[in-house]
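Trainee: Before anything else, here's the structure in question.
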Amino acid sequence: MADIESIISSISACAKEPTKDDVIYLEECSITGYKNIFEEGVFIDLLSFECFSMKCLKYNYNRMSEKDGNKRHRFYLNIKKKKKVLDKIEQSEITNLNLNSEGGFKESKVYKYEYNYAIYDFETNIFIPLEKVDENVKRICTSIINHKNEIKKKEELSKWVNEIKESKYAKNLKQLDNIKIKNENLECAICKAKTNLWLNLSDGYIGCGRKIYNYGGGCLNNEEGAALKHYYESGKKYPLVVKLGTITKDGEADVFSYAEDENDSVIDPYINIHLEKLGINILNLKKTEITTLEKEINENKNINFSSILDKNIEPVCEQGKIGFINLGNSCYMNCALQVLLSIKEISYKYINNIPNFLLTLNSDTNKTYNDLFLQYAKLCYMLFKKDYINKKKEFIKKYKQECFNKNIITNYDSDIDDENCISINPFMFRNCINTKSYIFNNFSQQDIYEYLSFLINELIDNETNIFDRILSSSTICKNNKRGFEKVNNGVCDLVSNESSENNES
Ligand SMILES: [Zn+2]
């Protein structure tokens, strides 16, 4: 039996305080993607501050001991995060389309988090509660837990804000003379529909709104909305339309721009003047229809992905078929990754080499979360290994059950909460790429082709480096010519526990 007192007294020598330049991921293993919400939690190396799951500790311990020989990387801060369903649930009003910010769309708060911290000693397999460790170690753990990464701050900025801008066509909008709209018997010029009518602010044409996928819209004869058709037929000269029934006497109105460079809801600051020219006095108007924004909020509140699929299609979630979380304008990256990752032969090559990538990573110059090969392999791992999927399913099932027991209805189809769906959150990969490319180091929309070719080039350009890295390492069995798949120290349980599925590749 190990002497706990002597173990506790040796932690200090194997731990250091993080500086503000250190990057610390507290939520997810940088190798397997295991999360702190999973049963065993995550483990933060008290010297390198890298985040691991239990099954990676052996490799980390070995590679670090090999390097400095004094086995200092034996202690880890274990973080377990529990999602507890609240007893009392408050409803909040949604007033705009912003995600997770004031007034914006968010899941009503039905849970809170509870954290459990301990020091884990890899050598003796003992967990030591934080209350028992000395003041120095306590202080170090507190600064790790409260560490604010520069990366985190940037993530904060990525909130997906749906901002409605002033239309550039509003100020000098061309309006035809002598057009007077009577505020009675308004109907679509084509199909005679009486709701969802859009008035062209230039020529007074009234027609149905455009068709929106999974939304409805369009004319009663199932054709494209007359208002949009009219925009094209009249030579794309008159882009601004206002939805009848949304105009209030305060001058608020749902204005849409069909102009190709806008094609969005817009603000028309001159709406009073524009309507007056068409013979409409807004003081006589009151709002009767819901606006596009209100419609979108309703839609978002009730988002259900099964509704956009054909009736006989079942959503799948299994090995090789998992969605990626949109991090805010990152769909181009997700598409490129899904394409590349779908090539099973390559993906399994990466998975099988995870232990090698980890064992040969130069810990003086690089970190696991910044190594392109490890980070790419990690995505392959999460996508193709059953254990990540199963652990995530387990977590959701448990939480759902708790909600069910307490009679709480939650929306599990939401793609916003990473925890409510079997999904992959590629934030660590994106941060890794961001350190290598200034082009993609922002939250703007990008071209998928450009990203895909950048990624392929990065992986190919560095392939020689990775082979050199693996060949020159003493940790790896050099006699194995079949793609460096075995490690010489013990069974490689990171990749071997599902050997039958590897044969599929
Ligand atoms: Zn119509």
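Trainee: Could you list all residues from region 194-216 that are surrounded by fewer than 20 Cβ atoms within 10 Å (Cβ to Cβ) and among the basic types (Lys, Arg)?
Mentor: Within region 194-216, Lys194, Lys211 qualify.
Trainee: Condition (residue is modelled with pLDDT under 90, more than 10 Å from the ligand (Cβ to nearest atom) and not in a loop (DSSP other than H, G, I, E, B)) applied to region 239-257: is it met by at least one residue?
Mentor: Looking through region 239-257, none of the residues is modelled with pLDDT under 90, more than 10 Å from the ligand (Cβ to nearest atom) and not in a loop (DSSP other than H, G, I, E, B).
Trainee: Take the conditions open to solvent by less than 30 Å² (accessible area, probe 1.4 Å), of a type outside the set (Gly, Ala, Ser), away from the ligand (no atom under 11 Å from the Cβ) and at pLDDT 90 or above and apply them to Cys191. Does it pass?
Mentor: Numbers: open to solvent by less than 30 Å² (accessible area, probe 1.4 Å): yes; of a type outside the set (Gly, Ala, Ser): yes; away from the ligand (no atom under 11 Å from the Cβ): no; at pLDDT 90 or above: yes.
Here the answer is no, as Cys191 does not meet what is asked.
Trainee: While we're on this one: Checking Ser306 against (1) modelled with pLDDT of 75 or more; (2) over 30 Å from Asp177 (Cα atoms), only one condition comes out false. Which one?
Mentor: With (1) modelled with pLDDT of 75 or more; (2) over 30 Å from Asp177 (Cα atoms) applied to Ser306, the lone miss is (1).
Trainee: Could you list, in sequence order, all residues of region 217-238 that are open to solvent by less than 20 Å² (accessible area, probe 1.4 Å) and either within 12 Å of the ligand (Cβ to nearest atom) or outside the structural domain of Leu278 (by TED's automatic domain parsing) (or both)?
Mentor: Once the filter is applied, which keeps residues that are open to solvent by less than 20 Å² (accessible area, probe 1.4 Å) and either within 12 Å of the ligand (Cβ to nearest atom) or outside the structural domain of Leu278 (by TED's automatic domain parsing) (or both), region 217-238 yields Gly218, Cys219, Gly225, Ala226, Ala227.
Trainee: Return yes or no: is Asn214 on the phi < 0 side of the Ramachandran plot, modelled with pLDDT under 95 and away from the ligand (no atom under 16 Å from the Cβ)?
Mentor: Details: on the phi < 0 side of the Ramachandran plot: no; modelled with pLDDT under 95: yes; away from the ligand (no atom under 16 Å from the Cβ): yes.
The answer is no for Asn214.
Trainee: Here's a follow-up. With (1) at pLDDT below 85; (2) surrounded by fewer than 19 Cβ atoms within 10 Å (Cβ to Cβ) as the list, and Gly104 as the residue in question, which single condition is left unmet?
Mentor: (2)
Trainee: Contact list please: Cβ distance under 8 Å, first residue in region 382-398 and more than 24 Å from Val85 (Cβ to Cβ), second residue among the charged types (D, E, K, R) and open to solvent by 60 Å² or more (accessible area, probe 1.4 Å), pairs at least six apart or on different chains.
Mentor: Once the first residue is more than 24 Å from Val85 (Cβ to Cβ) and sits in region 382-398, its partners that are among the charged types (D, E, K, R) and open to solvent by 60 Å² or more (accessible area, probe 1.4 Å) give Phe384/Lys344.
Trainee: Would you check if there is a residue in region 2-11 being open to solvent by 10 Å² or more (accessible area, probe 1.4 Å), of a type in the set (Asp, Glu) and outside any loop (DSSP other than H, G, I, E, B)?
Mentor: yes
The values are calculated or read from the model by the stated rules, or taken from the named source; none is laboratory data. Note that the structure is predicted; figures quoted are calculated from it, not measured. Counting neighbours? That spans all protein chains shown, and the Cβs are built from the backbone with ideal geometry, glycine included. Side chains are part of the model used for accessible areas, which takes the heavy atoms of the whole protein and leaves out ligands, DNA and RNA. Shrake-Rupley method; radii C 1.70, N 1.55, O 1.52, S 1.80 Å.
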